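Q: Pasting in a structure now, in structure tokens, and then I'll have a few things to ask.
The values are calculated or read from the model by the stated rules, or taken from the named source; none is laboratory data. Being a predicted model, the structure only gives us computed values, none of them experimental. Here the Cβ positions follow ideal geometry from the backbone for every residue, glycine too, while neighbour counts run over all protein chains shown.
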Amino acid sequence: MRTRHYPPAGDALAALPRVDACPVTVTARTTRRGVVVTLPLAPNEMVYGLGVQMQSFMQRGLKKTLRVNADPLIDSGDSHAPAPFYETTRGYGVLVDTARYATIYCGNKPRKTRHAAPPADEPARDLTQDVLPAAYRRFRFNHSSEVMIEIPECAGVDVYVFGGPTLRLAVQRYNLFAGGGALPPRWGLGVWYRVERDFTQQDALSLAADLRARRMPCDVIGLEPGWQTHAYSCSYRWSDRFPDPAAFIETLGAQHFRVNLWEHAFTHPSSPIYDALFAHAGDYEVWDGIVPDFLTEDARRVFADYHEREHVAIGVSGYKLDECDNSDFTHNWSFPELAQFPSGADGEQMHSLFGLRYQDAIQGMFDKRAQRTYGLVRSSQALAAPYPYVLYSDLYDHATFVKSIAHASFSGLLWTPEVRDARSDEDLIRRVQSVIVSPMALINAWYIRNPPWKQINRDANNRGEFAADWERLETACRAILELRMRLVPVLHAAFVRYHREGIPPCRALVMDYPDDVQTWPVDDQFLIGADLMAAPVVAGQSSRTVYLPSGAWLEYWSGARHEGGRTMQIDVPLDRVPLFVKDGSLLPLADPTLHTDDPASWRLTVLVCGSQNASTILYEDDGGVPPRLSEVILTWDDAAKRGSVTRRGETAWRTYEVTAWQPLTARG
């Protein structure tokens, strides 16, 4: 069965350097258990990817069974978004096209051999011995090994190899083969705020008005379960809490808010689409609702047509697609693997594909309307790069959330370390700092009635009791959210490159510096776009170590210059998220605004980072499908101490205006 929604981005793939030969040998055999695919691993060849593996970064030496599951706390391969795709520091990637729960042994499984004589070749030097803790030595990275992939219950499987010759080029080819990266609408890169689950229409309007009155940036208001008449399972009908949804959306739109709706796919008998979906659903229920078979066109059509008519036609801008993962670790609420679906898929295959095909059902509607959207999803799989949906989790460990940004970048996936509540003022500030440098700046207040900066204690917040000094904390959070609004031009340019070239907008350091062994284990720092690097911290850290890759780097806050290729210890004041900019680059920052519709958000201050000629490219975007993009080339002539702006392509929409060129020096 063909399940792809998007074709490969053929022209973009053809523009990449040609690879004349397959960079790795693939062998396969059938067994009574299924198919086993084997690929060699060279000494010191590191493995990454396999989806959002929240509990590990480097995969060599590990065994992973790729199962969709919510809230994975152990390093077994369970994930919100497992993807049977990996890449290595030798500069290639491997995709196994399966919806089965594949088990991947990433080396460290030596085959039987006689040991009477010493091996002919001495092992290579372990390049990681001075980089990783001693516990990693048991994985024998310096020995030759192999990746073994066992796909159960099948007689054959398609395997795709993506040549580099670098790790990043392999990832680019994979993302372009998927169809190219998602390009969100500009408003999607602003700040998001999701309201408490039982809010009424008036509650949501009042909160939105308060955000504007308090000058807290926000582009998107998200409604949680209470907007529906029935939420577990879903009716998709507006409840009496929202007596006039069209007027509600229109009122928010006049204040430059978009509206995003929470839902999941399990369909309640009271839903207007229940009867039409019934024949196109699986044979087990979840929360008394049927499970649509989104592998079938009929199920996708029934589901999408209702959403378009009742939601999008009156102005809804997108969705949060919840609960589409499995539930082995969360009370076992989902359908069993032995379930059967009209398409012929069983429950195991459906769990692997459910999140991605759910995105198909919704995204197909927006594509038909030629309308850009941006949203959230709690499960995805391979070849997901074109889908404008960001992953999240009900887990809440801050360090794990930060690391998942880099983890997701290997597999064509986007991740938000969303902010819900906090243990302390410091915890809230550090969490907000992390989210504003991620693909989605999301405050998810679904279980508190007031913004977290007014009261971090959940019970007190819901009683309407604000902290004595809440305005101080609000001021600190406002400054962080304003930094997000400043970064919108940089983030948008990064997403354009994702869309056109397959380069992840936020990505692990090793992707750009695979020959630097020091970058191999670094997952709590990541690159943003072409020239920016973020190194967020968690509560309790007043300092941290940062690794600077080759070249020179400037601290965003102080302008201090540091040579790369070394680790350094930095102090991290509470009001600053560590950011570094490449020496010899330009960093264009927008005026901080309350929303991206404000014309002032197109006014730029260009920071000149270093004392040399420099250039960078931004994009003016018409917001359409497909997007019309005008290149805006910013150039700095250091000898003349003068900047210039040139444009390539059609310009028939809002344009950037540079109001100042400034050297990167100490910033308040």
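Q: Take the residues in the stretch 608-623 that are closer than 18 Å to residue 182 by Cβ and in contact (Cβ under 8 Å) with a residue 40 or more places away in the chain; name whichever of them is surrounded by the fewest Cβ atoms within 10 Å (Cβ to Cβ).
A: Applying the filter and picking the extreme gives 623.
Q: I need the full set of residues from the stretch 586-607 which are surrounded by fewer than 21 Cβ atoms within 10 Å (Cβ to Cβ), closer than 20 Å to residue 646 by Cβ and over 26 Å from the mean Cα position of the chain (by Cα), in order please.
A: Selection gives 603, 605.
Q: Output yes when any residue across the stretch 33-45 is surrounded by fewer than 15 Cβ atoms within 10 Å (Cβ to Cβ), farther than 24 Å from residue 510 by Cβ and among the basic types (Lys, Arg), and no when none is.
A: yes
Q: Right, next: On the given criteria, is residue 522 in contact with a strand residue (DSSP E or B) (Cβ under 9 Å, 6 or more places away or on another chain), closer than 27 Å to residue 409 by Cα and outside the structural domain of residue 622 (by TED's automatic domain parsing)?
A: no
Q: Something else: Can you pull out every residue in the stretch 564-601 that is touching a Pro at 6+ places or on another chain (Cβ under 9 Å), without any contact (Cβ under 8 Å) to a residue 24 or more places away in the chain and farther than 28 Å from residue 209 by Cβ?
A: Matches in the stretch 564-601: 564 only.
Q: Here's another thing I want to ask about it. Using the structure shown, decide if residue 643 is at pLDDT 95 or above, of a type outside the set (Phe, Trp, Tyr) and either in contact with a Ser or Thr (Cβ under 9 Å, 6 or more places away or on another chain) or assigned by TED's automatic domain parsing to the domain that holds residue 544 (or both).
A: Yes.
Q: A further question on this structure: Give the stretch 532-584 a look and list any residue that's charged (D, E, K, R) and either farther than 15 Å from residue 433 by Cα or outside any loop (DSSP other than H, G, I, E, B) (or both), or say none.
A: Of everything in the stretch 532-584, those that are charged (D, E, K, R) and either farther than 15 Å from residue 433 by Cα or outside any loop (DSSP other than H, G, I, E, B) (or both) turn out to be 544, 555, 561, 563, 566, 571, 582, 583.
Q: Just one of (1) surrounded by fewer than 18 Cβ atoms within 10 Å (Cβ to Cβ); (2) in contact (Cβ under 8 Å) with a residue 12 or more places away in the chain trips up residue 258, so point out which.
A: Checking residue 258 against (1) surrounded by fewer than 18 Cβ atoms within 10 Å (Cβ to Cβ); (2) in contact (Cβ under 8 Å) with a residue 12 or more places away in the chain, the one that fails is (1).
Q: I need the full set of residues from the stretch 185-210 which are buried (at least 23 other Cβ atoms within 10 Å of the Cβ) and small (Gly, Ala, Ser), in order please.
A: Passing the criteria: 188, 190, 204.
Q: Same structure again: Do you know which residues across the stretch 320-352 are part of a helix (DSSP H, G or I) and surrounded by 24 or more Cβ atoms within 10 Å (Cβ to Cβ)?
A: 350, 351, 352
Q: Still on this model: Residues in the stretch 84-95 that are among the aliphatic types (A, V, I, L, M) and either buried (at least 23 other Cβ atoms within 10 Å of the Cβ) or not assigned by TED's automatic domain parsing to the domain that holds residue 157 (or both): how many?
A: Count: 1.
Q: Of the conditions (1) buried (at least 16 other Cβ atoms within 10 Å of the Cβ); (2) in a loop (DSSP other than H, G, I, E, B), residue 304 satisfies every one except a single condition; which number is it?
A: Condition not satisfied by residue 304: (2).
Q: For the stretch 624-638, check the following and say yes or no: at least one residue is assigned to a loop (DSSP other than H, G, I, E, B), in contact (Cβ under 8 Å) with a residue 60 or more places away in the chain, of a type in the set (Val, Ile, Thr) and over 17 Å from residue 436 (Cβ atoms).
A: Yes, the stretch 624-638 has at least one match.
Q: So which strands (runs of 3 or more DSSP E) stay within the stretch 128-239 end to end and still have 2 or more residues that are aromatic (Phe, Trp, Tyr)?
A: Of the strands (runs of 3 or more DSSP E) lying wholly inside the stretch 128-239, those with at least 2 residues that are aromatic (Phe, Trp, Tyr) span 158-163, 191-194.
Residue-by-condition table, conditions (1) buried (at least 19 other Cβ atoms within 10 Å of the Cβ); (2) among the polar types (S, T, N, Q); (3) in contact (Cβ under 8 Å) with a residue 12 or more places away in the chain:
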{"residue": "392", "(1), (2), (3)": "yes, no, yes"}
{"residue": "396", "(1), (2), (3)": "no, no, yes"}
{"residue": "408", "(1), (2), (3)": "yes, no, yes"}
{"residue": "415", "(1), (2), (3)": "yes, no, yes"}
{"residue": "425", "(1), (2), (3)": "yes, no, yes"}
{"residue": "430", "(1), (2), (3)": "yes, no, yes"}
{"residue": "433", "(1), (2), (3)": "yes, yes, yes"}
{"residue": "439", "(1), (2), (3)": "yes, no, yes"}
{"residue": "463", "(1), (2), (3)": "no, no, no"}
